[in-house]
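Trainee: Handing you a structure now.
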Amino acid sequence: MTKNKLAIIGGSGLYDVEEFKKRELLDITTVWGKPSDKILKTEYNAKEVYFLPRHGRGHFISPSKINFRANIDALKQLGVTDIVSVSAVGSLKEELPPGKFVIIDQFIDRTFARNKTFFDDEIVAHVSMAHPTSNGLMNACEEAIKKDKIEYQRGGTYVVMEGPQFSTLAESNLYRSWNADVIGMTNMPEAKLAREAEIRYASVSMVTDFDCWHPDHKNVDVQQVVKVLLDNAAKAKNMIKNLIVNFEKHIDPKDPTNNCLDVAIITAPEKRTKKTIEKLKVVAGRVLSK
């Protein structure tokens, strides 16, 4: 029986959870290179949990330079079954002011300079991304947020832009015309790679500012954003502790992520070389070893 393990990937402003006293920093290596930073292994409420700062501790990795494949592979190596991404975002709607959390259920991927798949050499796989986040994990996030009385919205579309620059006014208005809710730079290809690795994924976006469409917020200023970031990070840490306690009871044994590679790999077995099977053994060994 699979042991469920939760990992948190922290975004801007969330580089550690200092309240976790039992701490071990793991230096993991993958075939894709090194993850963003050492992974914190800790224990809370008698449950093993992992924390990875997406931009590195001290925020030194630009969104386009994050080694998303190494991050997901490293977590898979550790036996992680569930990832909750915590990200700072800009708001595209008046009803989503700074400080509000959004439990994301859809993405629009506008990135163009990133490696987006583990299956880029010899073995081809097509996983479904129709519903990119886990409903069970979203339920767990909602319960964790409500417990701390954080203002939130259940469901929302996250536009993932390349960055690191913020949007032009024309771009911001375009995304609003699509009825998107928030904009950020980091959940893609992270969500796609988690799906390829058969790791359930959920995303909680923390609004730091209105994007430049708003007449009172024409220029997004990093210093203004940082102030909200710090307040959001404090709320996120409480949410994370609640999540660790409750996530297992929300796991759906029929979640499509669990066995999505069974129907995704299209390459004929005789075309799969030992070299590539070895490269993919962490993320896809369950199906490739058959």
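Trainee: Hey, could you check the stretch 264-274 for residues that are surrounded by fewer than 15 Cβ atoms within 10 Å (Cβ to Cβ) and in contact (Cβ under 8 Å) with a residue 12 or more places away in the chain and say which is farthest from the chain's Cα centre (by Cα)?
Mentor: Within the stretch 264-274, the subset surrounded by fewer than 15 Cβ atoms within 10 Å (Cβ to Cβ) is 266-271, 273-274.
Now restrict to residues that are in contact (Cβ under 8 Å) with a residue 12 or more places away in the chain: 266-267, 271, 273.
Working: Ile266: 26, Thr267: 28, Lys271: 32, Thr273: 31 Å.
By that ranking, first place goes to Lys271.
Trainee: Does the stretch 132-155 hold any residues that are in contact with a strand residue (DSSP E or B) (Cβ under 8 Å, 6 or more places away or on another chain), in contact (Cβ under 8 Å) with a residue 60 or more places away in the chain and in a loop (DSSP other than H, G, I, E, B), and which are they?
Mentor: Pro132, Thr133, Ser134, Ile150 - these are the residues of the stretch 132-155 that are in contact with a strand residue (DSSP E or B) (Cβ under 8 Å, 6 or more places away or on another chain), in contact (Cβ under 8 Å) with a residue 60 or more places away in the chain and in a loop (DSSP other than H, G, I, E, B).
Trainee: So, one more: Does the stretch 56-68 contain any residue that is in a helix (DSSP H, G or I), in contact (Cβ under 8 Å) with a residue 40 or more places away in the chain and touching a strand residue (DSSP E or B) at 6+ places or on another chain (Cβ under 7 Å)? Step through it out loud before you land on a result.
Mentor: Restricting attention to the stretch 56-68, the residues satisfying the condition of being in a helix (DSSP H, G or I) are 63-65, 68.
Add one more test, that the residue is in contact (Cβ under 8 Å) with a residue 40 or more places away in the chain, and what stays is 63-64, 68.
Cutting the leftovers down to touching a strand residue (DSSP E or B) at 6+ places or on another chain (Cβ under 7 Å) gives us none.
Scanning the stretch 56-68 turns up no residue that is in a helix (DSSP H, G or I), in contact (Cβ under 8 Å) with a residue 40 or more places away in the chain and touching a strand residue (DSSP E or B) at 6+ places or on another chain (Cβ under 7 Å).
Trainee: Kindly list the number of the only condition in (1) at pLDDT 95 or above; (2) at negative phi that fails for Ser12.
Mentor: Evaluating Ser12 over (1) at pLDDT 95 or above; (2) at negative phi leaves (1) as the failure.
Trainee: Now, a different point. Looking at this structure, is Gly90 in a strand (DSSP E or B), under 17 Å from Asn232 (Cα atoms) and at pLDDT below 95?
Mentor: Numbers: in a strand (DSSP E or B): yes; under 17 Å from Asn232 (Cα atoms): yes; at pLDDT below 95: yes.
Here the answer is yes, as Gly90 does meet what is asked.
Trainee: Going through Glu198, Glu248 one at a time, which residue ends up being closer than 25 Å to Lys147 by Cα, surrounded by fewer than 24 Cβ atoms within 10 Å (Cβ to Cβ) and charged (D, E, K, R)?
Mentor: Details: Glu198 fails: closer than 25 Å to Lys147 by Cα.
Result: Glu248 is the single residue among Glu198, Glu248 that is closer than 25 Å to Lys147 by Cα, surrounded by fewer than 24 Cβ atoms within 10 Å (Cβ to Cβ) and charged (D, E, K, R).
Trainee: While we're here: So how many residues does the stretch 49-64 have that are surrounded by 14 or more Cβ atoms within 10 Å (Cβ to Cβ) and under 16 Å from the mean Cα position of the chain (by Cα)?
Mentor: Within the stretch 49-64, residues that are surrounded by 14 or more Cβ atoms within 10 Å (Cβ to Cβ) and under 16 Å from the mean Cα position of the chain (by Cα) number 11.
Trainee: Sort through Leu261, Leu230, Leu243 and tell me the only one that's buried (at least 18 other Cβ atoms within 10 Å of the Cβ), in contact (Cβ under 8 Å) with a residue 60 or more places away in the chain, over 23 Å from Val160 (Cβ atoms) and of a type outside the set (Val, Ile, Thr).
Mentor: Numbers: Leu230 fails: buried (at least 18 other Cβ atoms within 10 Å of the Cβ); Leu243 fails: over 23 Å from Val160 (Cβ atoms).
When all the criteria are applied, what remains is Leu261.
Trainee: Is it true that some residue in the stretch 254-266 is of a type outside the set (Phe, Trp, Tyr), in a helix (DSSP H, G or I) and under 30 Å from Asn45 (Cα atoms)?
Mentor: Initially, the stretch 254-266 is screened for residues of a type outside the set (Phe, Trp, Tyr), giving 254-266.
Subset that is in a helix (DSSP H, G or I): 260-263.
Narrowing further to those that are under 30 Å from Asn45 (Cα atoms): none.
No, the stretch 254-266 contains no residue that is of a type outside the set (Phe, Trp, Tyr), in a helix (DSSP H, G or I) and under 30 Å from Asn45 (Cα atoms).
The values are calculated or read from the model by the stated rules, or taken from the named source; none is laboratory data. Predicted, not measured: the structure shown is a model, and the values here were computed from it. Glycine also receives a Cβ, built like all others from the backbone with ideal geometry; neighbour counts cover every protein chain displayed.
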